[in-house]
Amino acid sequence: MNLYAPILVLGGIALAFGVVSLVMGALTGPKRYNRAKLEAYECGIEPTPQPVGGGRFPVKYYLTAMLFIVFDIEIVFLYPWAVYFDSLGMFGLVEMVMFVAAVFVAYAYLWRRGGLEWD
């Protein structure tokens, strides 16, 4: 238990700091509410009424999210491979070529679907 004591103390301090910050902000912060402050923030654009179901998003938003996730996963796997490249030999090279080819297929799919075009 002595090994975990510093970690538990640091976690307690972090938790206390977060709670105290929130409480102090709520107690000492200004409380001047007006109509503009209570409206939803839309980046300076006047909000437009939305349908009851929330409306439909274009597929491009989802394709962009997929592209982001695919390239994040690629970096997560490429970094350790680059660090241990010498010790992996030909097996590591072949596996990484297959992985990059699979990522390229996802990239080509996104490109064909128009996920990279911002009109």
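The values are calculated or read from the model by the stated rules, or taken from the named source; none is laboratory data. What you see is a predicted model, and the numbers here were worked out from it, not measured in a lab. A quick note on method: Cβ atoms are made from the backbone with ideal geometry, for glycine too, and the neighbour counts reach across all protein chains shown.
On the basis of being surrounded by fewer than 10 Cβ atoms within 10 Å (Cβ to Cβ), modelled with pLDDT under 90, assigned to a loop (DSSP other than H, G, I, E, B) and of a type in the set (D, E, K, R), does Arg56 make the cut? Yes: the conditions hold for Arg56.
Listed here are the residues, each with its yes/no results for (1) at pLDDT below 85; (2) of a type in the set (Lys, Arg); (3) in a helix (DSSP H, G or I).
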| residue | (1), (2), (3) |
| --- | --- |
| Pro51 | yes, no, no |
| Ile75 | no, no, yes |
| Ser87 | no, no, yes |
| Tyr109 | yes, no, yes |
| Arg112 | no, yes, yes |
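For segment 15-30, indicate whether the set of residues that are modelled with pLDDT under 85 and of a type in the set (Phe, Trp, Tyr) is non-empty. Taking every residue of segment 15-30 in turn, none turns out to be modelled with pLDDT under 85 and of a type in the set (Phe, Trp, Tyr).
Is it the case that segment 38-45 has a residue that's modelled with pLDDT under 80 and surrounded by 10 or more Cβ atoms within 10 Å (Cβ to Cβ)? Yes.
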